1. State to the nearest 20 debye the size of the charge dipole of the range 205-350 about its Cα centre, where the only charges are +1 on K and R beta carbons and -1 on D and E beta carbons.
2. Mind listing the phi-derived Karplus ³J(HN,Hα) values for the range 277-291, rounded to whole Hz, using 6.51, -1.76 and 1.60 with θ = phi - 60°, and x for any glycine or proline?
3. The range 272-320 to the range 372-422: how many Å between their Cα centroids?
4. Out of residues 5 or more away from Gly289 or on other chains, whose amide H comes under 5 Å of its own, with H placed 1.01 Å from N in the peptide plane?
5. If you take every residue apart from Gln345 with its C-beta less than 15 Å away from the C-beta of Gln345, what net charge results, scoring Lys and Arg +1 and Asp and Glu -1?
6. What ranking of Lys255, Lys242 emerges when the number of other C-beta atoms within 10 Å of each C-beta is taken as an exposure proxy, fewest first?
7. Can you give the local net charge around Met407? Use residues other than it whose beta-carbon is closer than 12 angstrom to its beta-carbon, Lys and Arg +1, Asp and Glu -1.
8. Counting other beta carbons within 10 Å of each residue's own, what order do Lys331, Lys76 fall into, fewest first?
Amino acid sequence: MINKIYFIILLALTFGTSNLVSQVNDSTAQVEIYSELISPDTLMLQFSAIRLTDSFLTNWANSTFMVGFDDNIDFKNIGVVEHPNQLDIPYKNPSNLSFGAYTTQIDIADDRIAFGYLGPYTNDSTVFIPLLGSQAVVLGRYFVYTKDGSPFPRGSTEEEDGVRFEWKSPVEYYQDFAFKTELPIDSLTVAGWFLPEDNVPAVGDNYNTVLFKNDNSARPRMILEYFRARYSSNLKVVCEWKTRSEAFNKGFIIKRGLMPFDETDPDVVTYDTDVADYRSTRDAFEMTGLGTRSPGKSYRYRYDTVSFRNYVYCYELFYQDDSDNIISLAKSCVNIPNAVLTYLQANPNPASKVAQVEYTVEDDVYLTCGIYDLIGRKILSVYEDEFVAIGTHTFSVNLPENLAIGMYDIIMVAIPINDTSVEKSTGVFKLQVIK
């Protein structure tokens, strides 16, 4: 009789569970950390979730998340407050245990921050977790800050790093995640046997169907594409630079130094002359930075006036961050030409009818140019005290038909407009005339 009763109970259990579901192992999700350095001493931390597979377990019941840092951070100096904009999750005060909202608790230990979430009692009141391909749902958003206002590590200007959050591991020990079920689940699953409205754990001692993804968000970086100093004219130097992105940049500072003779390395220069500073009223427009922004910006400072020709002047570009650190970005050197007229050439040479003359002046000048025979008589006048801007120029000379064959001099005299250290610069080029 007893054996018959056992058989009936076993039969009832077998048929009674035939309509139950055994898909817990097929219900996987991904929870990801995202963070953003919003000020030197404050990080925004966010948890978001997405389902990786489509199954009947779609709603979030509760979780415990434990995170640390990938850097040496003193947790006794860390504070956490909820972000005022909790968009996706209807949180409530822990003392209010009404239906339809989530409660949260935050604890800080010596090596981690723990976030505990307790969800509503019924499946209908819980948050739906979207499927991969849709926008992830935000489970929590917080400000994590240093109590004494000290800055978090940011990494160098060449790295994407800086301090980041990471999941405490092993995840089976430190992390917890549960779905809410509206259907019964049979005992053949590793998670166990569940009734409607139960919480179904997705992380356990011997199983884990949740992928905990570490923070891979890009940190704002100060990235300089180039910095160059170039000679403009009249002992003036222009500094030009471009940023690809900027991070916490108040503004730029430029200093100048003189390259020692027999040296070529900008690092041996002493940069002891202040050229431009964003903090001065005069330079603020050209030198003020963007703060934190991507893309960056093209900048130009003009002009720095130097004192001597035939010297190499070097310039160093700095920026000041919002912690008032002054950080070097790049160096660039420029040679101040000794001669104003640096190039003179005619083509073709020999010439019969027309000669193309090319020349380079390293300053804005008044230019006089003529063609002379070998005893000094002027045959043709091309320019007479004519203004010519710095750069390379060309002009054509139509040779007179009655000009005798032979050698002639193209003589060019350039007088700098604003540089009394150079009285004049003269160039002579031999031109052969043929028929």
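1. Numbers: 19 positive and 19 negative charges, 135 e Å.
Result for the range 205-350 is approximately 640 debye, rounded to the nearest 20.
2. Taking θ as phi minus 60°, the curve returns 8, 4, 6, 8, 4, 5, 9, 4, 5, 7, 10, 6, x, 9, x Hz for the range 277-291.
3. With the range 272-320 and the range 372-422 each reduced to a Cα centre, they are spaced 39 Å.
4. It is Gly251, Phe252, by chain and number.
5. Residues close to Gln345 contribute a combined charge of -1.
6. Details: Lys255 20, Lys242 16.
The most exposed by this proxy come first: Lys242, Lys255.
7. Values: positive: Lys430; negative: Asp373, Asp409.
With Lys, Arg at +1 and Asp, Glu at -1, the net is -1.
8. Details: Lys331 18, Lys76 8.
Sorted ascending by nearby Cβ count, the order is Lys76, Lys331.
No lab work stands behind these numbers, since they all come straight from the coordinates. Given the structure is predicted, the values throughout are model-derived calculations rather than measurements. Glycine also receives a Cβ, built like all others from the backbone with ideal geometry; neighbour counts cover every protein chain displayed.
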